[in-house]
Amino acid sequence: APIKDATVILVLSGTNVQISNGVLPEWAMRQAQTATTAADGSFSFPPQRDAYELAVVADAGYAQESREDLKKDPIIKLTAWAKITGSARRGTKPDAGIQIQGWSNRSYQQNQPNVMWGINAVADAQGKFKINRVNAAMFSIGRQLQLGANSSTTVSSVTLTTKPGQTATIQ
């Protein structure tokens with residue numbers, strides 16, 4: 001069925017678009033060309049000469065298609081979001097308020113369109129967290145450690161693979 005109000009992102013060669021928790025962040029929208037689908041699922045961009053990818057995000061799911069994929073089949077089909085639930089502990093105690101972050105294990109490719117999928121959450125008072133809009137991919141997930149006012153790193157990383165429509169659980 002056609003999807004209304006999906007965000008379609010045009011990712012050009014040599015650019016990097018970061019999608020976080022299944023949403024293109026507002027700051028990234030200023031750097032990317034986007035379109036919103038009409039009631040019939042249609043959208044448009046100006047013709048492109050070079051390689052590109054389209055990333056689509058909607059409540060119903062997501063898609064990522066290359067120019068070559070679209071030449072074979074111009075209809076974009078959404079994939080159901082995966083979910084991640086988990087708990088963060090420091091020893092035997094919940095690690096309340098800790099920032100959890102992760103990224104899909106896709107390498108940046110120079111002179112190609114690059115879509116990077118990231119995830120983040122904050123653990124609640126019991127150390128539990130849930131992320132509802134995750135693409136199907138292999139992710140590295142860990143705790144965010146602040147190194148300074150504008151610098152952080154991720155520690156205690158674990159790797160997990162998410163699958164469409166399923167919930168993955170990590171500790």
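The values are calculated or read from the model by the stated rules, or taken from the named source; none is laboratory data. These numbers come from a predicted model, not from an experiment. Ideal geometry is used to build each Cβ from the backbone, glycine not excepted, and the neighbour counts take in all protein chains shown. All accessible areas refer to the heavy atoms of the entire protein, side chains included, with ligands and DNA or RNA removed. Shrake-Rupley method; radii C 1.70, N 1.55, O 1.52, S 1.80 Å.
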* Asked: In this structure, is A136 open to solvent by less than 50 Å² (accessible area, probe 1.4 Å), part of a loop (DSSP other than H, G, I, E, B), in contact with a Ser or Thr (Cβ under 9 Å, 6 or more places away or on another chain) and under 25 Å from A6 (Cβ atoms)?
  -> yes
* **Residue that is surrounded by the fewest Cβ atoms within 10 Å (Cβ to Cβ), among those in the stretch 5-53 that are closer than 17 Å to W81 by Cα and either of a type outside the set (S, T, N, Q) or in contact with a Pro (Cβ under 6 Å, 6 or more places away or on another chain) (or both)** => D5
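Yes or no: K77 open to solvent by 30 Å² or more (accessible area, probe 1.4 Å), touching a residue at least 40 places away in the same chain (Cβ under 8 Å), under 22 Å from T7 (Cα atoms) and not hydroxyl-bearing (S, T, Y)?
no
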* To do: Quick one: count up the residues across the stretch 18-49 that are at pLDDT 90 or above and either closer than 12 Å to T7 by Cβ or of a type outside the set (S, T, N, Q) (or both).
  => 17
* Structure fact -> Note on N135: of the conditions (1) under 14 Å from T161 (Cα atoms); (2) more than 19 Å from the chain's Cα centre (by Cα), unmet is (2)
* Go through the stretch 70-86 and give me each residue that's polar (S, T, N, Q) and farther than 13 Å from A137 by Cβ. => T85
* Asked: For the stretch 112-127, does any single residue satisfy the condition of being open to solvent by less than 40 Å² (accessible area, probe 1.4 Å), touching a residue at least 40 places away in the same chain (Cβ under 8 Å) and not in a strand (DSSP E or B)?
  -> yes
* Structure fact -> Residue pairs within 7 Å by beta carbon, gap of at least six or interchain, first lying in the stretch 46-72 and within 12 Å of L12 (Cα to Cα), second open to solvent by less than 80 Å² (accessible area, probe 1.4 Å) and of a type in the set (G, A, S), listed first then second, are D50/S13; A51/S13; Y52/S13; E53/S66; R67/A51
* Quick one: in the stretch 80-93, of everything that is open to solvent by 60 Å² or more (accessible area, probe 1.4 Å) and assigned to a strand (DSSP E or B), which residue is farthest from I119 (Cα to Cα)? => K93
* To do: For M138, state whether it is closer than 21 Å to S13 by Cβ, among the aliphatic types (A, V, I, L, M) and modelled with pLDDT under 95.
  => no
* Test: R106 is part of a strand (DSSP E or B), closer than 24 Å to A60 by Cα and open to solvent by 50 Å² or more (accessible area, probe 1.4 Å) -> no
